[in-house]
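Participant: Here it is, the structure in full.
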Amino acid sequence: MIICYFGTYEKEYPRNRNVINGLILNNVEVVECHEVLLDKIKNKIDIAFFAKIKIFFCVIIAYLKLIYKKLRLPPVDCVIVGYIGQLDMILARVLFPTKKIIFNPMLSIYDTMINDRKVSDNYFTKKFFYLLDKISCSFADKIILDTPEHIEYFHKKFKVPIDKFDFAYIGADDKLFYPISGKNKAAENFTVLFYGKFTPIHGIEHIIKAAKNLEQYPEIKFEIIGTGQTHKEIIKLSQALNIKNTAFIDWIPFKELPQKIASADICIGGHFGGSEKAKRVIANKVFQIIAMEKPIIMSGCKSSISAGFVNLKNCLFCKAEDSKALADAILKLKNDEDLRNNIAKNAHSLFQKEFSIKIIGKKLKKNITEMIFFESLVLTPAYLIRKKIILNYFRIYRIKIKNFLEIGVGNGDLIKTMDNLGYKGEGIDFSAKAVKGIEKDFFSNIKISKKDFFDIKEKNRYDLIIALELIEHLEDDKIALKRMQELITDQGILILSVPAHKKKWSVLDEWAGHYRRYEKEELLSLLENYGFKVEKFYNYGFPLLNALWFARKNIIKQKTVFQSKKENTRRSGMDRNLEKKFRFFFNDFFLFPFYFIQKFFYNFNLSPAYLIIAKKEKDGIIENN
């Protein structure tokens, strides 16, 4: 497996370095297509006007160099766009139009610049950053963020489908950050360490005020390392408070950081700022500190708790924006050596279990392997349009189900999407080849098996049944609908798709193993007779599916039709040789205009395909059908 790590990402930033090294440790070959852009600018906020003009031209030059480097790349299986990569993501999609791209942004530029750092209140500036986040996410196939809480923010704020996301904690490189002896036990001072960028999210002013509160304890000394947006304000605050127990140090070489951590008695992890972002992320330094088995004070926010941090066990929680609480927490750890040692030991165990770069790399490799597997599937335009309609229905109507059944899983793409969305259920297919071809290890909530749905004995079992392109392959579609009606719970949902219009019967239907095509009124009546109330009826895909139907009808030859309908059915669900020739165009990027256009023709009955969403209305079956 060969991965291209792409962009103008900050090469030495922990998120990028940890992802690359973690993948390498999991036997993934990583080739870097990288160009330096902003690495040497420590404060990216207060930039003079002419410096901004210079940066603009640097971006153009950097992107021209990236294009040249891309042309010299070996073939790769997947692309990862590194942090910070919102602009890079757009370029990557242009340069790799058919490759699966994982976006590793780590943060929202809009959230960071507007909500957290408050760099501008200008409407157009805010809109620019918002669209930059939204567009870059829309171009990605997968988005990897640093916490589940961050995923929730991106999903709600930028309206990105939840199944596009996964998370991998930032972690720390345990070849660089590991327990070492650094503190001289005879030292009289008790050192409290904070390091990081001076930005509002860290709430460094609260650390300064806590230091002032603790000046009555002359043995407690603070070391604060870093520069950034709020550096001047913090220095002014320190001078105004006449702080005597705090040493400020500018940036130190990254490789010297472990020794600094080792020499401290307590490390402050944060975040102690008051922004919403501070509550949904975990700072880089937290993972580095616990990797070195040092006691840590951190904010007890939701993201910390969901990551496995427990107050007084592997950390000491402290309320954000509260300098007195922080001072009290420091005193608590100073006066209780056993507590310090236990927290440090348990935190290191948590790191080894969850946050080493090898573990993080393993999770990313699984994501990539899944993407490569599903990329190898050839998805037809008809299927992609159906899928988009179904997922939009789930999103708009906030469908909640306990379990579902997909009859005829085919290549497994839809059921994998359902799994990513957190739905639990089953996927069955009568084709052993189809079931065998699906990697079952990719599924967390779904059971895959070779089974006929007529063999399922229980009644009222499923909240949802999905049967796409199924009943036209069955000699008796009425018996099939009756069985589905029995399997679905009251008010359960049936999603059904069938070929439309009897007059369109052709050799294509024989090749596919169809018994029939359907008319709208006939299908509505059939569903009503079997206890279903139609909620949504889509004649989808016009005009694209009409053109493809006409082309396939004239390409398929009669001599390719098997004698057995069952063999034709089995073949039609798996044979994508024709589509493989045009797969370059069969993706969301190229099909987007057709997704939009076809919405205006749902009710015109022009397309050769129907999609129906119905609810089980009653148990009684009308027999005269």
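Participant: Which of the following residues is open to solvent by 30 Å² or more (accessible area, probe 1.4 Å) and either touching a Leu at 6+ places or on another chain (Cβ under 8 Å) or within 30 Å of A467 (Cβ to Cβ) (or both): K345, K332?
Facilitator: Step by step, each of K345, K332 is checked, and only K332 is open to solvent by 30 Å² or more (accessible area, probe 1.4 Å) and either touching a Leu at 6+ places or on another chain (Cβ under 8 Å) or within 30 Å of A467 (Cβ to Cβ) (or both).
Participant: Say we look at segment 450-496 and pick out the residues that are part of a helix (DSSP H, G or I) and touching a strand residue (DSSP E or B) at 6+ places or on another chain (Cβ under 7 Å); which of these is nearest to K402 (Cα to Cα)?
Facilitator: L487
Rundown of residues vs (1) free of Cβ contacts under 8 Å to residues at least 12 places away in the same chain; (2) crowded, with 17+ Cβ neighbours inside 10 Å, yes/no style:
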| residue | (1), (2) |
| --- | --- |
| S181 | no, no |
| N189 | no, no |
| G196 | no, yes |
| E215 | no, no |
| T230 | no, yes |
| I235 | no, no |
| P253 | yes, no |
| Q259 | no, no |
| C267 | no, yes |
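Participant: Still on this model: Are there any pairs with C-beta distances below 7 angstrom linking a residue in segment 395-415 that is under 17 Å from F443 (Cβ atoms) and at pLDDT below 90 to a residue that is open to solvent by 20 Å² or more (accessible area, probe 1.4 Å) and part of a loop (DSSP other than H, G, I, E, B), with the two at least 6 apart or on different chains, and if so which?
Facilitator: That search, which allows pairs on different chains as well, returns G410/G573; N411/L377; D413/L377; D413/L379.
Participant: Further, regarding this structure: Of the residues that sit in segment 54-68 and are of a type outside the set (A, V, I, L, M) and exposed (fewer than 14 other Cβ atoms within 10 Å of the Cβ), which one is nearest to L87 (Cα to Cα)? I'd like the intermediate steps shown before the answer.
Facilitator: Of the residues in segment 54-68, the ones of a type outside the set (A, V, I, L, M) are 54, 56-58, 63, 65, 68.
Subset that is exposed (fewer than 14 other Cβ atoms within 10 Å of the Cβ): 54, 56-57, 68.
Values: K54: 17, F56: 12, F57: 14, Y68: 17 Å.
Checking each candidate, the answer is F56.
Participant: All but one of (1) open to solvent by 20 Å² or more (accessible area, probe 1.4 Å); (2) in contact (Cβ under 8 Å) with a residue 60 or more places away in the chain; (3) under 21 Å from I290 (Cβ atoms); (4) touching a Lys or Arg at 6+ places or on another chain (Cβ under 8 Å) hold for I372; which doesn't?
Facilitator: Status for I372: all satisfied but (3).
Participant: I'd like to verify a number: residues in segment 237-251 that are out of contact with any helix residue (DSSP H, G or I) (no Cβ under 7 Å at 6 or more places or on another chain) and either loosely packed, with under 12 Cβ neighbours inside 10 Å or assigned to a loop (DSSP other than H, G, I, E, B) (or both), how many?
Facilitator: Of the residues in that region, 7 qualify.
Participant: Do you know which residues across segment 395-418 are hydrophobic (A, V, I, L, M, F, W, C), surrounded by 19 or more Cβ atoms within 10 Å (Cβ to Cβ) and in a helix (DSSP H, G or I)? Please lay out each step first, then the result.
Facilitator: Here is the first cut: in segment 395-418, the residues hydrophobic (A, V, I, L, M, F, W, C) are 396, 399, 401, 404-405, 407, 409, 414-415, 418.
Within this subset, residues satisfying the condition of being surrounded by 19 or more Cβ atoms within 10 Å (Cβ to Cβ) are 404-405, 407, 409, 414-415, 418.
Matches in segment 395-418: L414, I415, M418.
Participant: So is K279 closer than 16 Å to H206 by Cβ and part of a helix (DSSP H, G or I) or not?
Facilitator: Considered against the rule, which asks whether it is closer than 16 Å to H206 by Cβ and part of a helix (DSSP H, G or I), K279 comes out as yes.
Participant: Based on what the data block shows, is F430 of a type outside the set (S, T, N, Q), at pLDDT below 85, surrounded by fewer than 20 Cβ atoms within 10 Å (Cβ to Cβ) and more than 25 Å from K566 (Cα to Cα)?
Facilitator: Criteria not met by F430.
Participant: Please count how many residues of segment 348-368 are open to solvent by 30 Å² or more (accessible area, probe 1.4 Å) and either of a type in the set (D, E, K, R) or within 21 Å of D588 (Cβ to Cβ) (or both).
Facilitator: 7
Yes or no, residue by residue, for (1) touching a Pro at 6+ places or on another chain (Cβ under 8 Å); (2) not in a helix (DSSP H, G or I):
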position: Q288; (1), (2): yes, no
position: I297; (1), (2): no, yes
position: F309; (1), (2): no, yes
position: L316; (1), (2): yes, yes
position: I368; (1), (2): no, no
position: Y383; (1), (2): no, no
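Participant: Can you tell me which condition A512 does not meet? The list is (1) open to solvent by less than 20 Å² (accessible area, probe 1.4 Å); (2) modelled with pLDDT of 95 or more, and all the others hold.
Facilitator: (2)
Participant: Consider E149 against the criteria (1) open to solvent by less than 20 Å² (accessible area, probe 1.4 Å); (2) outside any loop (DSSP other than H, G, I, E, B): it satisfies all of them except one. Which criterion is unmet?
Facilitator: (1)
The values are calculated or read from the model by the stated rules, or taken from the named source; none is laboratory data. Small disclaimer: the values here were computed from a predicted structure and weren't measured. Positions of Cβ are generated from backbone atoms using ideal geometry, with glycine treated the same way; all protein chains shown enter the neighbour counts. The area values use the complete protein model at the heavy-atom level, side chains included, leaving out ligands, DNA and RNA. Shrake-Rupley method; radii C 1.70, N 1.55, O 1.52, S 1.80 Å.
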